[in-house]
Structures are given as structure tokens and as C-alpha cells.
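For reference, the structure discussed in these notes is given below.
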Amino acid sequence: DGGEAEAELGRRYAASQQARKRLVEEEAVRVQGERRAVRVLVAGPPAAARRVLLLHGYGSKPETWAIVGALDRLAERGVRAVAPELPEISERAVGAEAAAETTDRRTFVARLLGALGWGDRKVAIVAASAGGSFATPYVLAPATHRNVSCYLSLAAQLDRSGDVAPRKSRPPTLLVWGALDNAFPSECLAAQQQYRFFAFGDVRNAREDPRRSQWVVLPGAPHAVHVASPERFCSMLLQLVLGTKSEREKVTVTAEWGDVVATVVPAGGEAESRSAVRGTVVASPAGGEAGSGGSVAQRGTKRERVS
């Protein structure tokens, strides 16, 4: 069961050396167009040259990225990582407050990055499942795709309903599926179409470039592949973002950290000012809520099969 697996990871994380380092903190960010401040977990140097945005899936929460080890490992390597609690799809939002929790998913990432001061900076984006409905409009849009150094899709949804940038100018993309995925099975048409879209675009018979896109299937892993295989997920994440090497995972795509790109201002004007409430996040197993300002403890055609 995915919830039990995540709860067990939370317990292990709470007792780990990583948690005791307290590299992960909680903040509240005012984002233009949102009724309430967006709760985010942050880790790593604020002025870091490399930045990663991690978007959770439906019914999940930002703490998931901490308990699988992603936030701490990025921070330990000098990367700034931010994991927001997504409106409409977070564990809290799908509960009693669901009716009041609405947002424009297609513009949310641009508005959040503006509020974080990242609107003119390169950023790596990681999305799990429904988090892709927030990520891909930004990753693919002609106005913003050059701001993305790389994209890591964990069986993430693909939204290409708006204007889409040409294939050759899209960011390096790594798509990871679990072989036992019951939500979007790795062998099904949806996974193949998504890989072909990123690898080839809409042009038939285009040549595939393994340096630009890669599809990895993890045997024995379910839909939440990062929860089921956290070590392998973190290995692939670090390879993609930092270009580290691993004999086991063999990721062929690497983030492109180029010059600062043009500032992107969301429609309607400047993003609202940022308001932060700091605290230390130790762990939040499944079902736990993170509080503000306090410690949180216990609360295609080409495919690579990794064995």
C-alpha cells in the first residue's frame, strides 16, 4: 500500500541523520492570485546557482520530497530546493477544504516562481503524477520553456492544451515509470505517447536524441515510483540536475544551466511580496500536517529497463 510505504519512510526519516541536520525548513509564500499563502518546504542555500522545484501528486504533500531524501540530498550538494503544497490536489486540499481550494494550474508555476524571485532564473522541475498538470504548461510554453534547465516526470500528467514550444528547444527530459503502475501503466499507450512527445515532438520520423530525452521503467515499482524506490529516484535526480554518474541508473540526459533568461511576469502584473514563516521540518508521515513556524516531527520507442 502506498500510504503505508510512505508512513514507514516517514518514520525512518525522522530517526535518520539527515533529519537531525535540519536542512529542511517551512515557509509561507504569498503568490499572486492565491487566496491563502502557499506553504512550501525549502532546503539549500537561498542564493544557490542551481534551483529545483518539486511538485507532488494528487492527495500528497511536500513532506513526501523530504522523506524520500530528495530535499536533503540536493541541499547537501549546494542546490536550492523548493516543494510547495499544491492547491486543489494536496492532501489538505482534497479533504474538508476542497470546495474552497481552486487555482489556475496552467499559470501557477509561473506565479510561484515570480513570488520566489526565480522568474528570471533557470530552474529544474520535478513533477509526480497530477503535479504534471501544474508543471507541463510551464515546461512546454513558448514564453517559459527556456527557463527550465531540465524536467523530471514521475508518471506525471501531460498538459499540452496550450501553445507548445518546438521540440528542439524543449528542456532535457527524463520520464520515469513504475512497471507495476496501475494508474498509468508503463506499457500503456499514455506512457508511450508521452515519451514520443518529448523525444520526437509532433514530427514523424524525427531522429531521437538520447541526450535530450530518456524513458526509464523501474521493475517492481508502482505509480508512486519515488516512494517505492527512493534511493534510485534520488540517484537519477542528482544525475539529471548535477551530472553525477552512476553505473546502475545510467541517466543520459543532463540539466542545462545556461545564462540567466528573460524575466517572466505572470499576466496581471507583479507577483505579491513574499512573507515567510520559518520552522524546521523533521518528518511528516502519511496523514501528518506540517505546522507553521514550528518543528514538525512524526506528525517512444526507446525505453530503458533498469534492473
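The values are calculated or read from the model by the stated rules, or taken from the named source; none is laboratory data. Remember, predicted model here, so these are calculated numbers, not experimental data. Neighbour counts run over all protein chains shown; Cβ positions are idealised from the backbone, glycine included. Heads up: the accessible areas ignore ligands, DNA and RNA and are worked out on the full protein's heavy atoms, side chains in. Shrake-Rupley method; radii C 1.70, N 1.55, O 1.52, S 1.80 Å.
Here the spin labels are modelled as points 7 Å beyond Cα on the Cα-Cβ line, and at Ala143 and Arg160 they lie 2.1 nm apart. Packing around the peptides 134-143, 215-224, taken as the average count of other Cβ atoms within 10 Å per residue, puts them in this order, highest first: 134-143, 215-224.
Protein heavy-atom accessible surface, 1.4 Å probe, per residue over the range 1-134: 34 Å².
Just the number, please: carbon plus sulfur as a percent of the accessible area of the range 121-163, 1.4 Å probe, no ligands or DNA/RNA counted. If you can, show how the numbers build up before the last one.
Numbers: 430 of 1050 Å².
Carbon with sulfur: 41 percent of the solvent-accessible area.
Does the range 1-70 come out rounded, prolate or oblate by the C-alpha gyration tensor, with a ≥ b ≥ c the root eigenvalues, rounded set by a/c under 1.5 and, if not, prolate when a/b is larger than b/c and oblate if not? Oblate. Phi angles of the range 62-72 translate, via the Karplus equation with coefficients 6.51, -1.76, 1.60 and θ = phi - 60°, into HN-Hα couplings of x, 4, 4, 5, 6, 6, 7, x, 5, 5, 5 Hz per residue; Gly and Pro are given as x. The distance linking the range 3-54 with the range 83-161 is 16 Å (Cα centroid to Cα centroid, whole angstrom).
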